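Data block below; observations after.
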Amino acid sequence: MTDYLQAVFDMLGPAENRYADPDAWIRLEQEIGRRLPADYKAIVDAYAPVQLNGHLGLSSHPACAWRNLGEEIRSDAEGWNEWRAWEADDLEPNADPRVICNRPQITFGTPDGFVPLASTDQGAAIFLAPEVHGFSDGIVVQGSEGDWAGHPMSPRRLPAS
């Protein structure tokens with residue numbers, strides 16, 4: 001089985017771990033009311049703040065005073081909660097984040113809402129979601145064209161043989 005986290009580390013090179021601080025992650029998770037994915041925390045610990053491959057921005061870390069991840073999550077969530085223009089779009093059910101995540105309304109920065117994790121230089125936004133396609137926990141992406149996609153993180157159970 002492929003170790004995807006190790007594959008990312010192999011691709012990006014030696015980790016700097018400038019701000020690795022488990023207590024900072026605990027404080028952040030208590031503040032937002034959600035556990036963050038372990039692989040995400042490992043990559044942020046290893047490289048953030050950074051723009052990976054010129055596209056993916058991991059622009060902050062919870063232990064970095066000048067680029068604090070908690071402050072960035074709060075600020076991004078506030079902006080998303082205020083800007084709700086996407087709700088008026090005529091979205092197909094498979095591209096509507098409310099359908100993808102089984103929520104009548106989407107909130108940002110709440111334990112039962114979307115937590116902003118990263119963004120790209122091409123305008124995509126990446127969120128942690130409490131449910132995706134019927135699986136607890138997942139990633140939801142709003143692409144640069146306003147399209148939404150959901151990716152469950154929970155392992156799919158194989159049918160009994």
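The values are calculated or read from the model by the stated rules, or taken from the named source; none is laboratory data. Since the structure is predicted, the reported quantities are computational estimates derived from the model, not experimental observations. As a convention, Cβ positions derive from the backbone with ideal geometry for all residues, glycine included, and neighbour counts pool all protein chains shown. Heads up: the accessible areas ignore ligands, DNA and RNA and are worked out on the full protein's heavy atoms, side chains in. Shrake-Rupley method; radii C 1.70, N 1.55, O 1.52, S 1.80 Å.
Of all DSSP-defined beta bridges confined to the chain, some 90% are antiparallel rather than parallel.
Sorted largest first by accessible area at a 1.4 angstrom probe radius, with every protein chain in place, the residues Asp96, Asp147 fall in the order Asp147, Asp96.
Spin-label model, Glu82 to Arg98: label points 7 Å out along the Cα-to-beta-carbon direction sit 2.3 nm apart.
Each residue, Met153 and Gln51, gets one label point 7 Å from its Cα in the Cβ direction; the gap between the two is 2.6 nm. Given R₀ = 30 Å, what would the calculated FRET efficiency be for Glu29 paired with Ser144, taking r from the Cβ atoms and rounding to 0.05? Result of the calculation: an efficiency of 0.55. What percentage of the solvent-accessible surface of the range 1-48, computed with a 1.4 Å probe over protein heavy atoms, is contributed by carbon and sulfur atoms? Roughly 54 percent, rounded to a whole number. Legend: calculated FRET efficiency, Ser136 to Trp66, from the Cβ-Cβ distance at R0 = 41 Å, rounded to 0.05, equals 0.75.
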